[in-house]
Amino acid sequence: MLNIVLFGPPGAGKGTQSAKLIEQYGLIHLSTGDIFRANIKGGTELGTLAKQYIDNGQLVPDEVTIGMLSNEVKKNVDAKGFIFDGFPRTQAQAKALDNLLESMQTEITLMLALEVAEDELRKRLLLRGKDSGRADDQDPAVIQKRIDVYNAETMPVKDYYTTQRKYRGIDGIGEIETIFKALCEAIDGSGIGN
Ligand code: ADP
């Protein structure tokens, strides 16, 4: 299996690049943010719980997020592979993902990290907030909170994959196609999925 973690701060372009990567490599896209938003829209119990955290720019608790993600992976055991977008966001989530994939006799192939400076992120998120309808993209205080949470809780996930020699940093500023090409080169260079 080809299993990619697409990593990067809020607004780095993970959703845009995921859409292109799943088409190129025939992977299943699992975006925890998208799944939470679908649950909020559908008025599920999970959605009601997640909304309280998302609206404040906080992370949804690990046990909730890990349980949800595991269910989605188990629904797709015959997949060629996965793109994990917005997951793992904590070291506990990274460990849980390793255990889950190990139980399926597979593992993470690479973590591809989109690197974008903070001032650019703030600009992109506010711009997205104008037409995405996402409340968490419209309030500068919530945007800042998400960036702070990213730096405090999510950045350590980089070390987790660096130790496993799976981390690859990709410049996330520039043309969408140029960034996509750099991601594909990193994947093709891994020797898996060709
Ligand atoms: P972005 O990366 O632009 O902030 P996402 O759509 O990935 O947006 O996530 C939106 C929100 O959903 C996050 O701010 C967080 O509250 C919640 N969320 C998404 N993924 C996770 C996760 N892996 N763990 C905890 N909370 C998450």
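None of the figures in this text is laboratory data; all of them are computed from the coordinates on show. Since this is a predicted model, take the numbers as computed values, not measurements. Note that each Cβ is placed from the backbone with ideal geometry, even for glycine, and that neighbours are counted across all protein chains shown.
Things to note:
- Matching residues, region 51-88, being part of a helix (DSSP H, G or I), over 14 Å from the mean Cα position of the chain (by Cα), within 22 Å of SER18 (Cα to Cα) and among the β-branched types (Val, Ile, Thr): ILE54, VAL73
- Screening region 64-83 for residues that are within 27 Å of ASP139 (Cβ to Cβ) and not β-branched (Val, Ile, Thr) and picking the one that is nearest to the ligand (Cβ to nearest atom) gives LEU69.
- Residues of region 27-48 satisfying the condition of being more than 8 Å from the ligand (Cβ to nearest atom) and surrounded by fewer than 16 Cβ atoms within 10 Å (Cβ to Cβ): ALA38, LYS41, GLY42, GLY43, THR44, GLU45, THR48
- Region 61-94 - residue that is out of contact with any helix residue (DSSP H, G or I) (no Cβ under 9 Å at 6 or more places or on another chain) and touching a residue at least 12 places away in the same chain (Cβ under 8 Å) and, of those, nearest to THR48 (Cα to Cα): ASN76
- Region 133-143, subset within 18 Å of the chain's Cα centre (by Cα) and part of a helix (DSSP H, G or I), residue farthest from LYS41 (Cα to Cα): ILE143
- In the set GLU102, GLU107, only one residue is away from the ligand (no atom under 14 Å from the Cβ), outside any helix (DSSP H, G or I) and surrounded by fewer than 17 Cβ atoms within 10 Å (Cβ to Cβ); that residue is GLU107.
- Residues of region 69-99 satisfying the condition of being at positive phi and either surrounded by fewer than 13 Cβ atoms within 10 Å (Cβ to Cβ) or in contact with a Leu (Cβ under 7 Å, 6 or more places away or on another chain) (or both): GLY81
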